[in-house]
Amino acid sequence: NDNLSNIKTTIFNHMFDIKLKQYLNGTIQDIAKVTTGKRPKNKYTSKEMNNLYPIIGASKIIGYTDAFLYNESIITTGRVGTHGVIQRYREPVWVSDNSFIITSKHEDYLYELLRNFINFNALNTGSTQPLITQSDLKNIDIYIPSKKEFSLFEFRTTALTDKQFEIKRQNQILQILKSQLLSKYF
C-alpha cells in the first residue's frame, strides 16, 4: 500500500508541484465540501455484533458505534487536537465531532493536496488546544486543475486508489481470520 501511495504522490508532484507554488487560482471549497463530524449517541471500546461501525477521530479509530454517519468515499482530518493526519474511508463510518469530513469528485487530487501541500500548523487558531476552523480549511488557496488535467490525473491514479482499498479490505479479512484461528487454538 505504501508503494501505491508513493506512486500516486510522484504522479501528483510531477503534474502539479510548480503550479501549486506559482499559480493559485481557487480555494478548497471550490472543489470540495467540508463539514464537521458529530458526537455519536453510543460509543463502545470494542467492535462487536451490534457496534460494527468505527468512530473516526482526528488521527485514528477511537471506538465503535451501532450506526454510521457516512457510507461513501470520504477524506477526514483533525479539527481539534491532532492536525494534518489525512485519512480516507470507503466503508460505513461515524466521524467524530473533532474531525472534518471532506468530499469531492476529485478525491485523489484533494487527498494528495491535503497530505503533501497544506501546512496545517499555519491554520492553528487554538492557544491551549490546537484548533482549525472550517472556514480556514475551506479558504486555503490552491491550484485548481483544468478538466483535462483532472481527467489525466484521475486516469493515472484511480486504479491505484481502488487497489489500495482492496488491499485494505483483504488485510481486514486476514486480521479477522487470524483472530479466529488464534482464539480457537490458544
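The residues of the stretch 116-136 that are part of a helix (DSSP H, G or I) and either under 18 Å from Asp30 (Cα atoms) or touching a Pro at 6+ places or on another chain (Cβ under 7 Å) (or both), listed by number, are Gln134, Ser135, Asp136.
The condition of being among the hydroxyl-bearing types (Ser, Thr, Tyr), surrounded by fewer than 12 Cβ atoms within 10 Å (Cβ to Cβ) and touching a strand residue (DSSP E or B) at 6+ places or on another chain (Cβ under 9 Å) holds for only one of Thr161, Thr125, that being Thr125. For the stretch 13-50, a residue qualifies if it is in contact (Cβ under 8 Å) with a residue 12 or more places away in the chain, among the acidic types (Asp, Glu) and over 30 Å from Ser179 (Cα atoms), and exactly one does: Asp30. Can you tell me which residue is surrounded by the most Cβ atoms within 10 Å (Cβ to Cβ) among those in the stretch 40-79 that are modelled with pLDDT under 90 and in contact with a Gly (Cβ under 7 Å, 6 or more places away or on another chain)? The selected residue is Ala58. Residues in the stretch 62-71: is at least one among the aliphatic types (A, V, I, L, M) and touching a strand residue (DSSP E or B) at 6+ places or on another chain (Cβ under 6 Å)? Yes, there is a match, as at least one residue in the stretch 62-71 is among the aliphatic types (A, V, I, L, M) and touching a strand residue (DSSP E or B) at 6+ places or on another chain (Cβ under 6 Å). Scanning the stretch 22-32 finds one or more residues that are of a type in the set (Gly, Ala, Ser), buried (at least 16 other Cβ atoms within 10 Å of the Cβ) and closer than 16 Å to Gln134 by Cα. When the stretch 80-90 is filtered for residues that are hydrophobic (A, V, I, L, M, F, W, C) and at pLDDT 90 or above, the ones remaining, listed by number, are Val85, Ile86. Applying a threshold of 7 Å to beta carbon distances and a minimum spacing of six or more residues, or different chains, the list of pairs starting in the stretch 146-168 at a residue that is in contact (Cβ under 8 Å) with a residue 24 or more places away in the chain and closer than 25 Å to Glu91 by Cβ and ending at one that is among the basic types (Lys, Arg) and outside any helix (DSSP H, G or I) reads Phe165/Arg90.
Residue-wise test of (1) of a type in the set (A, V, I, L, M); (2) assigned to a helix (DSSP H, G or I); (3) in contact with a Cys (Cβ under 9 Å, 6 or more places away or on another chain).
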site	(1), (2), (3)
Asn3	no, yes, no
Asn6	no, yes, no
Ile11	yes, yes, no
Leu20	yes, yes, no
Gln29	no, yes, no
Ser46	no, no, no
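Among the residues of the stretch 132-158 satisfying the criterion of being touching a strand residue (DSSP E or B) at 6+ places or on another chain (Cβ under 9 Å) and under 20 Å from Ser73 (Cα atoms), which is surrounded by the fewest Cβ atoms within 10 Å (Cβ to Cβ)? Within the stretch 132-158, the match that is surrounded by the fewest Cβ atoms within 10 Å (Cβ to Cβ) is Gln134. Residues that are of a type in the set (Asp, Glu), touching a residue at least 24 places away in the same chain (Cβ under 8 Å), closer than 26 Å to Leu160 by Cβ and surrounded by fewer than 16 Cβ atoms within 10 Å (Cβ to Cβ) do not occur anywhere in the stretch 2-9. Scanning the stretch 44-62 for residues that are over 30 Å from Ile144 (Cα atoms) and either polar (S, T, N, Q) or touching a Ser or Thr at 6+ places or on another chain (Cβ under 6 Å) (or both) returns Thr45, Ser46, Asn50, Asn51, Tyr53, Ile55.
The values are calculated or read from the model by the stated rules, or taken from the named source; none is laboratory data. The structure presented is a predicted model; accordingly, all values stated were derived computationally and were not measured. Neighbour counts are summed over all protein chains in view; Cβ atoms, including those assigned to glycine, are modelled from backbone coordinates with ideal geometry.
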